[in-house]
Amino acid sequence: MTVGVLAVLAMLFVMFSGFWTDWLWYRSVKYASVFTTTLWTKIGLFAVFGVLMAVVVGVNIWLAHRLRPPLSAMSMEQQSLDRYRMSLAPFKKWVLPAISVVVGLVAGASASGEWRTWLQWINGVPFGQKDPQFGKDVAFYAFDLPWYRFLLSFGFAAAVLCLVAAALTHYLYGGLRLTSPGSRATAAATGHLSVLLGIFVSLKAVAYWLDRYGLAVKSSGLRSADGWTGLRYVDANAYLPAKTILFFIAAICAVLFFATLWRRTWQLPVIGFGLMVLSAVLIGGLYPAIVQKFQVQPNEQAKEAPYIKQNIKATRDAYDIQDSKVTGYKGDYQPGSKAESQKLRDNADTTASMRLLDPNVVSPAFQQQQQVRGYYQFPSTLDVDRYKDKDGVEQDTVIGLRELNIAGIPERNWINDHFKYTHGYGAVAAKGTETAEGGGPKYTESDLPSKGKLPTYEQRIYYGEKTTQYSIVGGPQKELDYSDDSGEKSYTYQGKSGVSLANPVNRAAYAVAFGEPQILYSGAIGDGSKILYNRTPKERVEAVAPWLTIDGDAYPAVINGRVQWIVDAYTTSNGYPYASRTTLGDTTADSLTNGQRAVMAQQNQVNYIRNSVKATVDAYDGSVKLYQWDKADPVLKTWMKSFPGTVEPRGKISPQLMEHLRYPQDLFKVQRQLLTTYHVTDPGTFYTGSERWQIPNDPTNKSGNSVPPYYLSMKMPDQKDQTFSLTTTFTPNKRDNLGAFMAVDANATSGDYGKIRILKLPSETPVPGPQLVQSKFNSDPQIANELNILKKFGDSEIEYGNLLTVPLDGGLLYVEPVYLRGANTNYPLLKKVLVSYGDNKPVLENSLKDALDVVFGKKAPSSTAPGEEPPAGGETTQPPSDQTVQEALTDAQKAYEAGEKARVDGDWSAYGDAQKKLKEALDRAAAAEKKAGGKKGGGSGG
C-alpha cells in the first residue's frame, strides 16, 4: 500500500511539474493570459462535453436497465445469460458510473483539443466578403462551419455510443432476443432504440444540410489547377440539389423512427431508412456522375468557366495577390551603337546593387575568420539586411550572430554546459556588394568584442537560433563572458528573463520536467539563480502566440542598442470558400532548405494566409513583442479578441525597427507558387493551362530543388529609384527559357511595400532562363578553361553564388559570383564574377565592374581566347604576347599536367622540373594580371 501511494504521488507530481513549469515560464515572459485563456478554454470544453457524453450514455444505460422485462418472462436464451447478470450484480452500483466516466474522459479529451475552433467561433469577426453561391460571409466558412462540424461529429459519436450501450443492456436483460421464437424486442426496447435511431438519422439530415455549404470549401480535381477548391458545374447542378433532397428524405426517415413510439413496429422506419440509403447511392452518387459524363465533359471549358472565374478571384484574394499585375516586357535587347552600350553600362550601376556576397556560401568564411573561439558558431545561412553608411545611404548587408556552440566547449560537463558557457557574443556584418582584397568578406562589424560601423549595442546573445539548451544564470556560479589575450572575462546575467530557482518547489519541478536531478540539490544554484529555456526565437513566439504560423527565417537586427530577432508570423485558415489550397511545407521548400535553414515546418493545408504579425525577440533578455501588421485581417482580429492585450497596435513599432522590417520569404514563396497558375485571370486561358509557369530549379547546385528568392536593392522599369526587393524568376511549363520575372517591394518604410510586379517575357522571342544561362556560362570555352585552371591548382573547388537576375533596358542582366575554395582552406573566397546580358558573349572577370565593362563593350576582356577579336568599341590595350595572362595560364596548365604525369610514373626529377615551370608560369600570370589591372584602372574583389 505504501509503494502504491508513493507511486500515485510521484505520478501526480510529474503531472504537476509540467503544469507548474509552464505557468512559471508564461508568467516570466509576461504572457500569463495566453496560458490561462488556453487552459480554462480546454478545461471548459473538457468539462462540458465530457459531462454531456457521460450523462447521455449513462442515462441510456440506466433507461435500458429500467425498461427490462420481468425475469419470469425471460426465454431460454435469456436464462443462459444469467451468469453474466449474476457476475455484474455485486458491481451494479459502480459499473454504470465507471462506464460513464470512461466515455466522458475520452469525449472530454477530444473536445479540449478543439479549443482553437471554439475561440474562433465565439470571437469570429466578419470578413466583409460573401461567397457567390450561398451569399454567406467568409467568416461562416472560416469560423462557424468548423465548429458546427465538430458539434455534429460529437452528436454522431454520442448517438452511436448510446445506441450500442442501450442495445447491449436490452439484450443482457431480455429486452432484445436473437434466437428465441416470437417477438425479437419488447415494446419498451423498440421505443427506446427507435428514438436513438431517429436521433442518428436526424443528425444525418443535418449533415446533408451542412454538406451543401461544405461544397464551397471542398477540394476537387481540375486539371489546370492543383489544390482546386470550391463548387464546379457538377457540384452546383447535381450535388447541391442532391444534398437538399437527401436532407428532406433523412428528415422524413427520422420522423418515421420517432413514430415507432406509437406504432410499435419497425416496418415503416426500415423502409424509410432503405429508401434513404438507396437515394444516397442514386441521387448522391449516380446522378452527379451522369451529369459529369454527359453534360460537362463534352463542353467542359464552357460549363466550368463561371466557376473557374470565381475560383481565380477567391484564390487571388485569399493569398493577397489580387493586386499583382502582369506587365509585358520586351526582354530581348538588340545591341546597337557605342552610345547605347555606354548607356547600358551606366544604367547597370543604377538599376541594382548587385549582392556579390552570397549569404548561403560565405558562412564558412565568417566561421573561419570571426569564430575566434571553438565554442562559438554562425548559422550555415546568414541573413541579408540593410544598414546605413556614414552618408546615410542604405547598404545591403550580410549579417550573422556569434552564437554559443555547446559542442565546441573544451571540457563537457553539466556545470560547463549549463552554468559557465551560457551565451554568444556579438554580431558580425559585411557589405553585400563588395569584398575585401583576396575575395573575403569586407567586414563592417567584426572581432571579439565586435566593433565597427554598427551603433553601440548589448553584444551578449542569450537567445538565438542555435541556442537550444537550457542555462542557469545569476547564482553563485560565474559565467564566461568572453576571452581575449588577457584571459577569460566573467559575467553575471543582469536580464529580467528566466524563472527563479530560489524556491525548492520550483527546483524540484524543473528537476522532474528536465529529467535532471542535480537541479534539485546542486550547490551551484542559490539566491538569484534563474533558468533560461525555450531560447530560440521561433520557440518563444510559437509559445506566446500558438495561433500563429511562424516563418522559417528569423533574422537579427541591431535596434536601439539591442540585438532584436525579427520574426514574421502568419494567420492562416483552411476555410476560405473557392480559394485553392496549398501545403505550406511543400511550397516554402527550396534549394536552401536542405539542412541550411529551417522552413515553415507545418505541413497543414491552408487556403488563406496573411503576414499579419511582426514579432521581435530580444537576444539578451528574451522579451517577446507582437505587433499587428495587417490591420484589416479578420483572422488576426478574431485572435486578438480571444487573447486581448497580447498583440500591440502597429503604431507601437518604432521607426528604428521599421527600417529593418522586410517582406517575408515564406509568404513570397507561397505567393509565387500560386502565381505560376493564378497570374492568369481569363477562365478560358486558365482552363487550357497554356500560360502556366513553373519555378525553375536552382542551376548553381545539383539539389534539384527550386531556386530560392533573393533579396537585393534594385528598381523595376516603372520605378525611379532602387528599393530593397525580393525577387524570383519563372519559366514556362516544362521549358527552360524565361517566362517572367517577379519582384516585390520588401522595404517596410516604402509606400509600395508588398506591391508585386511581374514582367512577362515574350514567347515569340525566347529569352534564356537561369538553367540556360548557367549552361551558357559552363559551355563557353574561354570561361570553362579559366575555371578548370583555377580548380586544378591545389585541387581547389569552385562554388557558384546566387545567380541574380535584373531587368535592364529591355534586356535581362545575369550576375553570378564565383567562389574558390582552396584545398588548404575550408572557406570560399570570391575570385571571379560571371555576367551575361542578352545575346552578348558571357564574360568572366575579376570584379563586377570589369565584367560589366566587358559585357557592354567598354573594354576588352582581361584574357582573350586565341584567334578571338575583342568586342567592337572596346578598349584594345593588349599586353605583350609573351606576358599575357592567357599564355601564362596555358603554360601553367601544361606544367601541371606534366608534373602529374611524372608523379604517376614515379619520375621525381621530371616532377621537380615541372613544379619549377609551374611556379614560373604562375609568377608570370600574376605579373601580367597586375600590369593589366594597373592599365585598366580596375581592381579585384569589387
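The values are calculated or read from the model by the stated rules, or taken from the named source; none is laboratory data. All values derive from a computational prediction rather than experimental measurement. Here the Cβ is made from the backbone with ideal geometry for all residues, glycine too, and neighbour counts use every protein chain on show.
Structure data summary
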item: Residue within the stretch 231-241 that is part of a strand (DSSP E or B) and outside the structural domain of residue 142 (by TED's automatic domain parsing) present; result: no
item: Per-region count, the stretch 738-783, residues surrounded by fewer than 16 Cβ atoms within 10 Å (Cβ to Cβ), more than 26 Å from the chain's Cα centre (by Cα) and not β-branched (Val, Ile, Thr); result: 8
item: Scan of the stretch 107-118 for residues that are in contact (Cβ under 8 Å) with a residue 40 or more places away in the chain and assigned to a helix (DSSP H, G or I), ordered by number; result: 107, 108, 109, 110, 111, 112, 115, 116, 118
item: Set 174, 182, 214, 155: member being at pLDDT 90 or above and either more than 26 Å from residue 270 (Cβ to Cβ) or part of a loop (DSSP other than H, G, I, E, B) (or both); result: 214
item: Yes/no for residue 728 being touching a residue at least 40 places away in the same chain (Cβ under 8 Å) and in a strand (DSSP E or B); result: yes
item: Unique residue being touching a Phe, Trp or Tyr at 6+ places or on another chain (Cβ under 9 Å), among the β-branched types (Val, Ile, Thr) and more than 30 Å from residue 556 (Cβ to Cβ) when the list is 617, 624, 647, 680; result: 680
item: Yes/no for residue 862 being among the hydroxyl-bearing types (Ser, Thr, Tyr), surrounded by 23 or more Cβ atoms within 10 Å (Cβ to Cβ) and at pLDDT 85 or above; result: no
item: Residue match in the stretch 831-854 (condition: more than 25 Å from residue 729 (Cβ to Cβ), part of a strand (DSSP E or B), touching a residue at least 40 places away in the same chain (Cβ under 8 Å) and charged (D, E, K, R)); result: yes
item: Total residues in the stretch 739-760, condition in contact with a strand residue (DSSP E or B) (Cβ under 6 Å, 6 or more places away or on another chain) and in contact (Cβ under 8 Å) with a residue 60 or more places away in the chain; result: 14
item: Selection from the stretch 131-152 of residues that are among the hydrophobic types (A, V, I, L, M, F, W, C) and assigned to a helix (DSSP H, G or I); result: 138, 139, 140, 142, 143, 145, 147, 150, 151, 152
item: Single match in 750, 775, 779 (criterion: closer than 25 Å to residue 667 by Cα, out of contact with any Gly (no Cβ under 9 Å at 6 or more places or on another chain) and not assigned by TED's automatic domain parsing to the domain that holds residue 384); result: 750
item: Residue in the stretch 471-487 that is over 23 Å from residue 555 (Cα atoms), of a type in the set (Asp, Glu) and surrounded by fewer than 14 Cβ atoms within 10 Å (Cβ to Cβ) present; result: yes
item: Per-region count, the stretch 543-565, residues in contact with a helix residue (DSSP H, G or I) (Cβ under 8 Å, 6 or more places away or on another chain) and either surrounded by 24 or more Cβ atoms within 10 Å (Cβ to Cβ) or not aromatic (Phe, Trp, Tyr) (or both); result: 16
item: In the stretch 459-484, residue modelled with the lowest pLDDT [restricted to those that are more than 30 Å from the chain's Cα centre (by Cα) and of a type in the set (D, E, K, R)]; result: 484
item: Test for residue 775: is it part of a loop (DSSP other than H, G, I, E, B) and of a type in the set (Gly, Ala, Ser); result: no
item: Residue that is assigned to a loop (DSSP other than H, G, I, E, B) and either of a type outside the set (Lys, Arg) or not assigned by TED's automatic domain parsing to the domain that holds residue 822 (or both), where the choices are 439, 432; result: 439
item: The stretch 725-760 - residue that is among the hydrophobic types (A, V, I, L, M, F, W, C) and in contact with an Asp or Glu (Cβ under 8 Å, 6 or more places away or on another chain) and, of those, nearest to residue 709 (Cα to Cα); result: 756
item: Helices (runs of 4 or more DSSP H) enclosed by the stretch 465-584 - at least 2 residues per element that are among the β-branched types (Val, Ile, Thr); result: 504-513, 537-544
item: Test set (1) out of contact with any Ser or Thr (no Cβ under 9 Å at 6 or more places or on another chain); (2) buried (at least 18 other Cβ atoms within 10 Å of the Cβ); (3) of a type in the set (D, E, K, R) - residue 293 fails condition number; result: (2)
item: Residues that are closer than 27 Å to residue 460 by Cα and either of a type in the set (Phe, Trp, Tyr) or surrounded by fewer than 20 Cβ atoms within 10 Å (Cβ to Cβ) (or both), drawn from the stretch 512-524; result: 514, 516, 518, 523, 524
item: Checklist (1) over 20 Å from residue 587 (Cβ atoms); (2) at pLDDT 85 or above; (3) part of a loop (DSSP other than H, G, I, E, B) applied to residue 734, failing item; result: (1)
item: Residue check for residue 591: of a type outside the set (D, E, K, R), modelled with pLDDT of 95 or more and surrounded by fewer than 22 Cβ atoms within 10 Å (Cβ to Cβ); result: no
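Conditions tested, residue by residue: (1) at pLDDT 90 or above; (2) surrounded by fewer than 18 Cβ atoms within 10 Å (Cβ to Cβ); (3) farther than 20 Å from residue 469 by Cα.
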residue: 386; (1), (2), (3): yes, no, yes
residue: 390; (1), (2), (3): no, yes, yes
residue: 393; (1), (2), (3): no, yes, yes
residue: 403; (1), (2), (3): yes, no, no
residue: 418; (1), (2), (3): yes, no, no
residue: 425; (1), (2), (3): yes, no, no
residue: 439; (1), (2), (3): no, no, yes
